[in-house]
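Structure, as structure tokens:
The values are calculated or read from the model by the stated rules, or taken from the named source; none is laboratory data. All values reported here derive from a predicted model rather than from experimental measurement. Every residue, glycine as well, gets a Cβ built from its backbone with ideal geometry; the counts of neighbours run over all protein chains shown.
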Amino acid sequence: MKPSRQQAWKLLTEYNSNESLIRHALAVEGVMRYFARQRGEDEEKWGVIGLIHDLDYEQYPDRHCAKTAEILRRHHWPEDYIRAVVSHGWGICTDVKPETDLEKTLFAIDELTGLIAAAALVRPSRSVLDLKPKSVKKKWKDKRFAAGVNREIIDKGAAMLGMERTDLIAAAITGMREVAEAIGLKGEL
């Protein structure tokens, strides 16, 4: 069985009511879909995994990734989907190292979408639509800005993908622009 976006959305909203967590899931989905298209991969699969990646975070933050694996197995999700989701917590809450392009991409962009969203929200436009990588890189240097974002993970993910940080940021911004309205970052343009 290949899980559909509708099934992923139903599960996500069953386990999450926090608007910012849902917007984060939508942002990661958008960026994953963008990367899948760029690489000629299965956009639906990449998007569904992006959407569901933090399924357990609101209710089980202390069991992050492990609880998602349990829930997805209970719903008969394929093991490669489960492994991809669990691997995004590598070095934080799991020992499952990202191996595939899909897994490496999810690992790299999860934290990055949070930094990009924060950078967009402090702009006069409050939008990702006019956000430039240069602005994100400027905010990157201020460790107090979006202090919860682990920049080392983003750099480790970029290295895994063989990408420069600036290129990863630019690609993530492009993916987030496609879902700007859904993630509350269309702003005042």
_Qualifying residues in segment 1-53 (those that are farther than 21 Å from GLU111 by Cα and not in a helix (DSSP H, G or I)) - the one farthest from the chain's Cα centre (by Cα)_ = MET1
*With (1) assigned to a helix (DSSP H, G or I); (2) out of contact with any Cys (no Cβ under 7 Å at 6 or more places or on another chain); (3) farther than 18 Å from GLN6 by Cβ as the list, and VAL86 as the residue in question, which single condition is left unmet?*
(2)
_Anything in segment 72-96 that is in contact (Cβ under 8 Å) with a residue 60 or more places away in the chain and more than 19 Å from GLU29 (Cα to Cα)? List them, or say none._
HIS75, HIS76, GLY91, ILE92
*Checking ASP62 against (1) of a type outside the set (A, V, I, L, M, F, W, C); (2) touching a His at 6+ places or on another chain (Cβ under 8 Å); (3) more than 27 Å from MET163 (Cα to Cα); (4) not in a loop (DSSP other than H, G, I, E, B), the condition it does not meet*: (2)
*For residues that are hydroxyl-bearing (Ser, Thr, Tyr) and either surrounded by fewer than 16 Cβ atoms within 10 Å (Cβ to Cβ) or under 12 Å from the mean Cα position of the chain (by Cα) (or both), scanning just segment 105-159, find the one that is modelled with the lowest pLDDT.*
SER125
*asked:* Give me the residue from segment 83-104 that is more than 15 Å from the chain's Cα centre (by Cα) and hydroxyl-bearing (Ser, Thr, Tyr) and, out of that set, farthest from ARG33 (Cα to Cα).
replied: THR94
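Just give me the residues in segment 174-189 being β-branched (Val, Ile, Thr) and surrounded by fewer than 23 Cβ atoms within 10 Å (Cβ to Cβ), in sequence order.
Our first condition is that a residue be β-branched (Val, Ile, Thr); within segment 174-189, this holds for 174, 179, 183.
Result: THR174, VAL179.
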*Go through (1) surrounded by fewer than 20 Cβ atoms within 10 Å (Cβ to Cβ); (2) assigned to a loop (DSSP other than H, G, I, E, B) and name the single condition ASP56 misses.*
(1)
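Being loosely packed, with under 14 Cβ neighbours inside 10 Å and closer than 18 Å to ASP101 by Cβ is the filter here, so list the residues in segment 160-173 that pass it.
Filtering segment 160-173 for residues loosely packed, with under 14 Cβ neighbours inside 10 Å gives 162, 164, 166-167.
Hits for segment 160-173 are GLY162, GLU164, ASP167.
Working only within segment 71-94, note down all residues that are at negative phi and loosely packed, with under 15 Cβ neighbours inside 10 Å. Spell out how you get there, then give the answer.
Going residue by residue through segment 71-94, those that are at negative phi are 71-75, 77-90, 92-94.
Those that are at negative phi and loosely packed, with under 15 Cβ neighbours inside 10 Å: ARG73, ARG74, HIS75, PRO78, GLU79, ASP80, ILE92.
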